[in-house]
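*Asks:* Would you mind keeping the following structure in view while I ask a few things?
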Amino acid sequence: MGNFFNDFKSGNMGITKMSGEKRQATLLLIIQICVIVLTGVLVTYGPDTRPDSSRSRSAMPYYVPPTEKPETDPTSIYPMYQDVHVMIFIGFGFLMTFLRRYGQSAIGLTFLLGAILVQVAILCDGIFKIGDNGKAPLSLDSLLNADVAVAAPLISMGALLGKTTYMQLIVMGIIELVIYTLNKYIGEQHLLVVDDGGSIFVHAFGAYFGLAVSFVFGLRNKPKSQAHELEGSSYQSDIFAMIGTIFLWLFWPSFNSATLHGDEQRRAIVNTLLSIAASCVISFAVSALVSKRNKFDMVHVQNSTLAGGVAIGTAAGMMCQPVGALTIGAISGVISVLGYKHLTPWMQNRLRIHDTCGVHNLHGMPAVLAGLFGALLAGLATEADYNYALYEIFPARIPSLGQNLTEINNSYQLSLRPGPNRTAGMQASYQLLALAVTLVVAIVSGLVTGLILRLPLCGSLTEEQKFNDSVNWEIESEDEVQKISNANKDENSQSAEVAMGHI
Amino acid sequence: MGNFFNDFKSGNMGITKMSGEKRQATLLLIIQICVIVLTGVLVTYGPDTRPDSSRSRSAMPYYVPPTEKPETDPTSIYPMYQDVHVMIFIGFGFLMTFLRRYGQSAIGLTFLLGAILVQVAILCDGIFKIGDNGKAPLSLDSLLNADVAVAAPLISMGALLGKTTYMQLIVMGIIELVIYTLNKYIGEQHLLVVDDGGSIFVHAFGAYFGLAVSFVFGLRNKPKSQAHELEGSSYQSDIFAMIGTIFLWLFWPSFNSATLHGDEQRRAIVNTLLSIAASCVISFAVSALVSKRNKFDMVHVQNSTLAGGVAIGTAAGMMCQPVGALTIGAISGVISVLGYKHLTPWMQNRLRIHDTCGVHNLHGMPAVLAGLFGALLAGLATEADYNYALYEIFPARIPSLGQNLTEINNSYQLSLRPGPNRTAGMQASYQLLALAVTLVVAIVSGLVTGLILRLPLCGSLTEEQKFNDSVNWEIESEDEVQKISNANKDENSQSAEVAMGHI
Amino acid sequence: MGNFFNDFKSGNMGITKMSGEKRQATLLLIIQICVIVLTGVLVTYGPDTRPDSSRSRSAMPYYVPPTEKPETDPTSIYPMYQDVHVMIFIGFGFLMTFLRRYGQSAIGLTFLLGAILVQVAILCDGIFKIGDNGKAPLSLDSLLNADVAVAAPLISMGALLGKTTYMQLIVMGIIELVIYTLNKYIGEQHLLVVDDGGSIFVHAFGAYFGLAVSFVFGLRNKPKSQAHELEGSSYQSDIFAMIGTIFLWLFWPSFNSATLHGDEQRRAIVNTLLSIAASCVISFAVSALVSKRNKFDMVHVQNSTLAGGVAIGTAAGMMCQPVGALTIGAISGVISVLGYKHLTPWMQNRLRIHDTCGVHNLHGMPAVLAGLFGALLAGLATEADYNYALYEIFPARIPSLGQNLTEINNSYQLSLRPGPNRTAGMQASYQLLALAVTLVVAIVSGLVTGLILRLPLCGSLTEEQKFNDSVNWEIESEDEVQKISNANKDENSQSAEVAMGHI
């Protein structure tokens, strides 16, 4: 505290004179203060969090829900929000603890990154919602959207895990959230594309953005003939990582359905459960088939088992039938395991794209598959299958003013406003367009961001510092370790795991 | 991938020519494909997951709910479903990580087994619900029922933990789910027995089925004078196991009440919380009283603390009063700890039934106690205590056509159809009958299944392979370990736990 | 079992003749039996858990909700209750596993303490609710209140972690719950003070009570020149502790809002999320600024990141605006980290108050801050900002019978009964009074309790037994450890973390 405040008093806060670590910490403090100020300027309580609430439903373009439908309790999304919240902080956090000496950083930096980026995401999302009072309304929906948005930079972090300073991750995350918000806004509001579980806008975007950053990071270094000695798991760290895997697997149906309602929401739950169950089983099977001595590989079990959640994401609420959900999940499991086995080494050796957690196999390829599957189902969607929900799910298919619109409104007791009158094929094309736009935006902005992250302000790691918790954490001094070591000498001559029986 | 597809091309998939491990993996792939095909043939969206839903409530025999009651939102079971979901995959999975060298398999195989069996359970459950369109409807209820069903084979797995190949577990699980579904159908639909938390149909069935399989497994081997050297816990693995214990303990009220409604559901929550709290405290106390030097025993703390959740299961929604719930929980805690202390060694030495996790003490005996307690309460149930809920909880007590029925319908504003007109004593007898039938079915089918699991197709483990993760997992090569070992030599001379301070 | 029942038969249960450990276990058994008997005498099902429910809403003084408001489903608090349940048992339990050799006790004793104290808390709470039938009604609200109450003794346990027997904790907890209930009753029902998240009644009370007990414990011992050799973390134990931290962080919005309704509840969720996010980021930043070599300190990351949840607690449902929530969270993060850095060592050296987990920094000071912030907001609250909710949140501000009351009832369609007609300033003063009363009550009753805990009945630990799991747990015999050690000799010569690759 002394030093800290002395620095303030003597005006020695000049950020350029500091050590790299101190500069990062000061920058972190400044970023949080800026966020507080911006929130003060821009954000206030929304209709659902104010006492006088005469609530208006979140606006969907063209589609107006039947008036006689009872209004949903705005608190009812909270349990699903908490599921997503657990996925972001426990799920992503522990999933990345698999590295032998980077567990504290994996869980700790996910925590830090998530906490600052949730606030940034609320601001980004709010910009588009500023009302007549000059303020963006804050509701439970905002929190949910923020958590979903934060998944994108956390996915990107997976590609970079262990190779960056925490400030590089934070700067990357802030830039990424701005681009993410713009890209999603264009896709959802202008291209009128459906992406229930965010496979296109979150998973594909986050994965290819992160891979692009990693590519830029790799350009500076000579190609390595062998892996970093700390880039591997340990027996314990693999079990910690399973905490992350299982919670992600369990709550993925909430992730894909939290923003939906009624039967569409329940269908998304069912479809996601089936898809992710199939990808789990298939990942185990293919892992054993392609691995040495036909055993399971922990990397596949921790990651590819989740591919089905990504692969069904775009189409989670669509009428793909249970068998369709199982099939797409199974395919994604095959792709993901084979990606780990063959594509990741190739990308590293040939393209010099290093991908610590293999996000290309868990998020990248399954998300592209999800986009294609969503386009396919959009192209097959008929009113016979979907009933009135065709226009709820695909509002762009609402006819323009005329005979058709009147008939639909009459037969389903709806009050639809005239829409873009897309055919199924047009909707499918727009789905593919949004996927393509997202991939291009992610890669280009990722490359630029990679260059920005080389700025000295963010710091950087040497080869020796990589994958090592000692970069981020103040750990016991050597003397103290030695003292304990001597005190416990006889324990230490045995395995630490069985050393407790001496008393 | 190369080998994998070459095998396909050259027609070398003949399953008999493969190594045991490859055969298992191929069989796993085939099982998943069969499940996908069967789902395609048999399952479609249900009324709650289709857009045109004119929902009908899940049929209860005889009891028709008051018409003026507002229909429940079918999504409202989702939070409880997720609690159960966490119990199955995190709870059971981590509970079984207590073994020193089997943690990855415990959590990994629970994951695999759960993911494939959830799909199988949906199919088994669906068979009884096939409608006019030749398809079984899939809803959130189906997912909940599937998770509950999967608990039975996971309990059986507890008795066999570390002694089987994963394919033996999967084959066992599929057979067990078929028998489970039949037994439960008979008990619930024909014997009209109440078993809110599934203590009879899930816990007793799963435990005695697993013990019967374990008995058959034990017949082949000579009795051992001492325990397997890997069959014990380590300091870390005991803490991992507590993750499972606590999540099971926390969410058990959801398990026992998820399928209920209204005050019955809330009563089941309250009763389960009280019962499992008492069993926790009593387990600690008795553990200290019967253990060496009066310390706590981790085995008891990890398992017996949960016995109260099982023991209240059958009667969770009945009017046992808070003191009744506490008492039954306390009794189950005593029984469970004493079972671990005295019965498990006796069963192993005399009956040659080996029970790795002690499922007889956590699930078997407490479930029998639950069945008896349920019969007792059913025998004591009067309209004075239960009000109209007597006929909601025990539909078999609805009078047959006549004066009585009319009076009841009038006084409670119900529209009950004529029922079997059982007395309290008759209902109690049926409860006992269902318990007896379940025990017989579980033991007989478990013995047969044990014989089936000896088929070479499922593989088997040698004595040396037991309780050892290296059977299932591809772990770092010796060379790599050696390399890291040398690089980190000075750390390794100290306890691994304090080795991080050198940097 | 033999010894146990022989003791009963031979009348050798005389508690004074037993070894200290056996006496504790017997006492635990007796306590649980007493709780069962008391529950039998005092508690029955409430209106929500009985079949005949003609439900009455939980009484709030003076404020009667608008009659046309639809009645809330009493089961709707269950998901939030489960979040709180996870916080108490997983959150607090794992948070305290950070000690190198005390992880099993941390999680195990939290489990034991929580399970017995939940039952005691239900009794304490029930005493004030005994109805005409001479019984206290038990509902889901009771379970929620009990979990919240149990947080207080678990916070006190944090100050004492590793320095007491389990019986000392249980006796302390029972005494503490009695005082807690009285203090909260006076504050809420007589002083009519608002404390949404229990920062005053739970956090401040629990922290200062525990510190007072710790002070008494420290009086007997000579001041130590150096820390206990086991009083520190290990690499693995720090990761286990993060499980607790993250779950607490995630579910804190539920803790602060579970007892609220409607927009007030949603506002409490949003405010808590913002406050705890800001305290997380600021804790990381300040931790790096004040730590050696500007790295993060795990103690700060595990604890101070949560300070924002405490600091917003009292005012969680008030109109502090998003920027207010962020600001109070940020301030609490600064205070908490600086507390760990400077105040904790000073308190230990000068005041001889030892605080194992630093509860003063996580719960004590942030709770005082919360009380002050709550008073500030109460002093600023106007009908212009709060609308009708002014009288829902601050019922003491309802005017006494007269013109004003009639106008308010007319304009908001309310049916308020005449109230104490406090001004904003008066309400603020009462808020401060309740904070002061709570601090005095906590410290005085904590000092007395500390003296009671020296009774031989509770046992006590020697200096060598502190922070050591071997006091509580029956761990493998030395022989067995040696055997395994020899069998695995070559593994043991390497780091235990990478020892699995030999098979």
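The values are calculated or read from the model by the stated rules, or taken from the named source; none is laboratory data. Given the structure is predicted, the values throughout are model-derived calculations rather than measurements. With ideal geometry, Cβ positions are generated from the backbone for all residues, glycine too; neighbour counts draw on all protein chains shown.
*Asks:* Tally up the residues in segment A:282-315 that are in a helix (DSSP H, G or I), small (Gly, Ala, Ser) and more than 24 Å from the chain's Cα centre (by Cα), please. Reasoning before the result, please.
*Replies:* Within segment A:282-315, the subset in a helix (DSSP H, G or I) is A:282-290, A:292-294, A:298-311.
Then keep just the ones that are small (Gly, Ala, Ser); that gives A:283, A:285, A:287-288, A:304, A:307-309, A:311.
So of that shortlist, the ones also more than 24 Å from the chain's Cα centre (by Cα) come out as A:285, A:287-288.
Looking only at that region, the number is 3.
*Asks:* Looking at the structure I just gave you, is A:ALA499 surrounded by 16 or more Cβ atoms within 10 Å (Cβ to Cβ) and at pLDDT 90 or above?
*Replies:* Details: surrounded by 16 or more Cβ atoms within 10 Å (Cβ to Cβ): yes; at pLDDT 90 or above: no.
No: the conditions fail for A:ALA499.
*Asks:* Within segment B:427-449, is there a residue that is under 21 Å from the mean Cα position of the chain (by Cα) and not in a helix (DSSP H, G or I)?
*Replies:* No, the conditions are met nowhere in segment B:427-449.
*Asks:* Residues of segment C:141-153 being within 14 Å of another protein chain (Cβ to nearest Cβ) and out of contact with any Leu (no Cβ under 7 Å at 6 or more places or on another chain), which ones?
*Replies:* Scanning segment C:141-153 gives C:ASP141, C:SER142, C:LEU144, C:ASN145, C:ALA146, C:ASP147.
*Asks:* Moving on to the next point. Got at least one residue in segment B:267-284 being within 10 Å of chain C (Cβ to nearest Cβ), out of contact with any Pro (no Cβ under 6 Å at 6 or more places or on another chain) and more than 20 Å from C:LEU113 (Cα to Cα)?
*Replies:* Taking segment B:267-284 first, the residues within 10 Å of chain C (Cβ to nearest Cβ) are B:267-271, B:273-274, B:276-284.
The next check asks that each one be out of contact with any Pro (no Cβ under 6 Å at 6 or more places or on another chain); those that pass are B:267-268, B:270-271, B:276-284.
After this cut, where a residue has to be more than 20 Å from C:LEU113 (Cα to Cα) as well, the list is B:267-268.
There is at least one residue in segment B:267-284 that is within 10 Å of chain C (Cβ to nearest Cβ), out of contact with any Pro (no Cβ under 6 Å at 6 or more places or on another chain) and more than 20 Å from C:LEU113 (Cα to Cα).
*Asks:* Kindly list the number of the only condition in (1) part of a helix (DSSP H, G or I); (2) under 26 Å from the mean Cα position of the chain (by Cα) that fails for C:GLY379.
*Replies:* (2)
*Asks:* Another question about this same structure. Name the one entry in B:THR259, B:THR245 that is surrounded by 24 or more Cβ atoms within 10 Å (Cβ to Cβ) and within 18 Å of the chain's Cα centre (by Cα). Spell out how you get there, then give the answer.
*Replies:* Values: B:THR259 fails: surrounded by 24 or more Cβ atoms within 10 Å (Cβ to Cβ).
Going through B:THR259, B:THR245 in turn, just one is surrounded by 24 or more Cβ atoms within 10 Å (Cβ to Cβ) and within 18 Å of the chain's Cα centre (by Cα): B:THR245.
*Asks:* Something else about it: With a cut-off of at least 3 residues that are modelled with pLDDT under 95 and among the charged types (D, E, K, R), name the helices (runs of 4 or more DSSP H) lying wholly within segment B:135-243. Step through it out loud before you land on a result.
*Replies:* Working: elements: B:140-160, B:166-185, B:205-219.
Of the helices (runs of 4 or more DSSP H) lying wholly inside segment B:135-243, none has at least 3 residues that are modelled with pLDDT under 95 and among the charged types (D, E, K, R).
*Asks:* Hey, A:ALA204 hits all of (1) facing chain C (nearest Cβ under 10 Å); (2) buried (at least 24 other Cβ atoms within 10 Å of the Cβ) but one; which does it fall short on?
*Replies:* (1)
Per-residue answers, yes or no, for (1) of a type in the set (A, V, I, L, M); (2) under 28 Å from C:LEU99 (Cα atoms); (3) exposed (fewer than 15 other Cβ atoms within 10 Å of the Cβ); (4) at pLDDT 90 or above:
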| position | (1), (2), (3), (4) |
| --- | --- |
| C:LEU432 | yes, no, no, yes |
| C:LEU435 | yes, no, no, yes |
| C:LEU439 | yes, no, no, yes |
| C:GLY446 | no, yes, no, yes |
| C:LEU455 | yes, yes, yes, no |
| C:SER460 | no, yes, no, yes |
| C:SER470 | no, yes, no, yes |
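*Asks:* Inspect segment C:251-263 for any residue being touching a helix residue (DSSP H, G or I) at 6+ places or on another chain (Cβ under 9 Å), more than 8 Å from chain A (Cβ to nearest Cβ) and of a type in the set (Phe, Trp, Tyr) and give the result as yes or no.
*Replies:* Yes - at least one qualifying residue is present in segment C:251-263.
*Asks:* Which one of these does C:LEU343 not meet: (1) buried (at least 18 other Cβ atoms within 10 Å of the Cβ); (2) part of a helix (DSSP H, G or I); (3) in contact (Cβ under 8 Å) with a residue 60 or more places away in the chain; (4) not polar (S, T, N, Q)?
*Replies:* Failing condition for C:LEU343: (3).
*Asks:* Using beta carbons and a limit of 6 Å, which pairs, at least six apart or on different chains, have the first residue in segment A:426-444 and aromatic (Phe, Trp, Tyr) and the second one not in a helix (DSSP H, G or I)?
*Replies:* Between residues of segment A:426-444 that are aromatic (Phe, Trp, Tyr) and residues that are not in a helix (DSSP H, G or I), the close pairs are A:TYR430/A:LEU191; A:TYR430/A:VAL193.
*Asks:* Same structure again: Among the residues of segment B:228-235, are any away from chain A (no Cβ under 14 Å) and at negative phi? Before the answer, list the steps.
*Replies:* Looking only at segment B:228-235, we keep the residues that are away from chain A (no Cβ under 14 Å), and these are B:228.
Restricting the remaining residues to those that are at negative phi gives B:228.
Yes, because at least one residue in segment B:228-235 is away from chain A (no Cβ under 14 Å) and at negative phi.
*Asks:* Give me the residue from segment C:384-408 that is within 14 Å of chain A (Cβ to nearest Cβ) and without any contact (Cβ under 8 Å) to a residue 12 or more places away in the chain and, out of that set, surrounded by the most Cβ atoms within 10 Å (Cβ to Cβ).
*Replies:* Applying the filter and picking the extreme gives C:LEU390.
*Asks:* Next question, about the same structure. I'm checking my understanding of the structure. Among residues of segment A:110-138 that are among the polar types (S, T, N, Q) and more than 7 Å from chain C (Cβ to nearest Cβ), which one is farthest from C:ILE239 (Cα to Cα)? Step through it out loud before you land on a result.
*Replies:* Step one: filter segment A:110-138 for residues among the polar types (S, T, N, Q), giving A:110, A:119, A:133.
From what is left, the residues that are more than 7 Å from chain C (Cβ to nearest Cβ) are A:110, A:133.
Values: A:THR110: 13, A:ASN133: 46 Å.
My answer is A:ASN133.
*Asks:* Can you pull out every residue in segment C:415-427 that is small (Gly, Ala, Ser) and either surrounded by fewer than 20 Cβ atoms within 10 Å (Cβ to Cβ) or on the phi > 0 side of the Ramachandran plot (or both)?
*Replies:* To start, the set of residues in segment C:415-427 that are small (Gly, Ala, Ser) comprises C:415, C:419, C:424-425.
Selection gives C:SER415, C:ALA424, C:GLY425.
*Asks:* Oh, and also: How many residues, within segment C:410-459, are within 30 Å of C:SER19 (Cβ to Cβ), among the small types (Gly, Ala, Ser) and out of contact with any Asp or Glu (no Cβ under 9 Å at 6 or more places or on another chain)?
*Replies:* Within segment C:410-459, residues that are within 30 Å of C:SER19 (Cβ to Cβ), among the small types (Gly, Ala, Ser) and out of contact with any Asp or Glu (no Cβ under 9 Å at 6 or more places or on another chain) number 1.
*Asks:* Still on this structure, I have one more. Can you give me the number of residues within segment C:250-281 that are assigned to a helix (DSSP H, G or I) and closer than 18 Å to C:PRO79 by Cα? Before you say what the answer is, go through the steps one by one.
*Replies:* Keep residues of segment C:250-281 that are assigned to a helix (DSSP H, G or I), which gives C:250-257, C:262-281.
Cutting the leftovers down to closer than 18 Å to C:PRO79 by Cα gives us C:250-257, C:262-270, C:272-273.
The qualifying residues number 19.
*Asks:* Restricting the search to segment C:368-393, which residues are out of contact with any Gly (no Cβ under 7 Å at 6 or more places or on another chain) and among the small types (Gly, Ala, Ser)?
*Replies:* C:GLY371, C:GLY374, C:ALA375, C:ALA378, C:ALA381, C:ALA384, C:ALA389, listed by residue number.
*Asks:* Please state which of the following conditions C:MET167 fails to meet, knowing it meets all the rest: (1) buried (at least 24 other Cβ atoms within 10 Å of the Cβ); (2) within 14 Å of another protein chain (Cβ to nearest Cβ).
*Replies:* Going through (1) buried (at least 24 other Cβ atoms within 10 Å of the Cβ); (2) within 14 Å of another protein chain (Cβ to nearest Cβ) one by one, C:MET167 breaks only (1).
*Asks:* Only one of these is buried (at least 23 other Cβ atoms within 10 Å of the Cβ), more than 14 Å from every other protein chain (Cβ to nearest Cβ) and on the phi > 0 side of the Ramachandran plot: A:GLY198, A:GLY187. Name it.
*Replies:* Working: A:GLY187 fails: on the phi > 0 side of the Ramachandran plot.
The conditions single out A:GLY198.
*Asks:* Do the conditions hold for B:TYR412, that is, is it surrounded by 14 or more Cβ atoms within 10 Å (Cβ to Cβ) and within 23 Å of B:SER257 (Cα to Cα)?
*Replies:* Details: surrounded by 14 or more Cβ atoms within 10 Å (Cβ to Cβ): yes; within 23 Å of B:SER257 (Cα to Cα): no.
Judged against the criteria, B:TYR412 is not a match.
*Asks:* Of the residues C:LEU230, C:LEU248, C:LEU219, which is touching a strand residue (DSSP E or B) at 6+ places or on another chain (Cβ under 8 Å), over 26 Å from C:TYR430 (Cα atoms) and among the hydrophobic types (A, V, I, L, M, F, W, C)?
*Replies:* On the way: C:LEU248 fails: touching a strand residue (DSSP E or B) at 6+ places or on another chain (Cβ under 8 Å); C:LEU219 fails: touching a strand residue (DSSP E or B) at 6+ places or on another chain (Cβ under 8 Å).
Just one listed residue meets the conditions, C:LEU230.
*Asks:* Any idea which residue in segment C:342-372 is farthest from C:ALA285 (Cα to Cα), counting only those that are out of contact with any Ser or Thr (no Cβ under 8 Å at 6 or more places or on another chain) and within 14 Å of chain A (Cβ to nearest Cβ)?
*Replies:* The selected residue is C:TRP346.
*Asks:* Which residues, taken from segment B:95-109, are at the interface with chain A (Cβ under 8 Å from one of its Cβ atoms) and either crowded, with 24+ Cβ neighbours inside 10 Å or basic (Lys, Arg) (or both)?
*Replies:* Across segment B:95-109, the qualifying residues are B:THR97, B:ARG100, B:GLY103, B:ILE107, B:GLY108.
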